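Notes follow once the structure below has been shown.
Every read-out reported here was derived from the displayed coordinates using simple, explicitly stated rules and does not represent laboratory data. Everything numeric in this text was worked out from a predicted model, so none of it was measured. Backbone-built Cβ (ideal geometry, glycine too); neighbour counts: all protein chains shown.
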Amino acid sequence: MISIARAARAVAVVWRAGRANLAVYVLLAPIAGALPVLAAWLTKLVLDRVTNASGGAILGVATALAAVSVGLALVPHLMTVRTAVLSVPLALVGALVVVRLDDIAALLLPATPPAA
């Protein structure tokens with residue numbers, strides 16, 4: 001299992017590699033998860049107001065549903081762009097977590113031939 005210290009080091013490496021990209025990714029992930037739920041709830045409200053004569057004004061709820069729909073269209077594209085930008089630092093973090101630094105150094109440094 002991964003230790004908390006290794007996870008903290010991994011997050012630190014990604015943070016140093018791209019602070020803005022990581023921050024945007026961390027902010028967009030919960031938004032991407034919440035937008036479908038919000039769209040479903042707003043759709044329910046619109047349908048309730050359409051079917052019930054005393055349901056209240058529909059314009060505000062319909063406008064909110066339109067705004068959420070635009071967000072549903074844009075957020076996946078923004079996530080894709082951020083994921084592509086972060087893929088190199090995240091791959092590096094994955095290598096650091098799985099393989100110890102000694103092993104990486106052994107792979108990068110040429111092996112010295114034995115003395116004759």
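Structure notes:
- Applying the Karplus relation 6.51 cos²θ - 1.76 cosθ + 1.60 with θ = phi - 60° to region 33-44 yields 3J(HN,Hα) values of x, 7, 4, x, 5, 5, 5, 5, 5, 5, 4, 4 Hz, where x marks Gly and Pro.
- Using a Förster distance of 35 Å, the FRET efficiency for A67-A8 (Cβ separation, nearest 0.05): 0.40
- For region 17-26, Karplus couplings with θ = phi - 60° (6.51, -1.76, 1.60), whole Hz, Gly/Pro x: 6, x, 4, 5, 5, 5, 4, 5, 4, 5
- Between A34 and T80, the C-beta separation translates, for a Förster distance of 30 Å, into a calculated FRET efficiency of about 0.95.
- Listed values for region 57-70 are Karplus-derived 3J(HN,Hα) couplings in whole Hz (6.51 cos²θ - 1.76 cosθ + 1.60, θ = phi - 60°), namely 5, 9, 4, x, 5, 5, 5, 5, 5, 5, 5, 5, 5, 5, and x replaces Gly and Pro.
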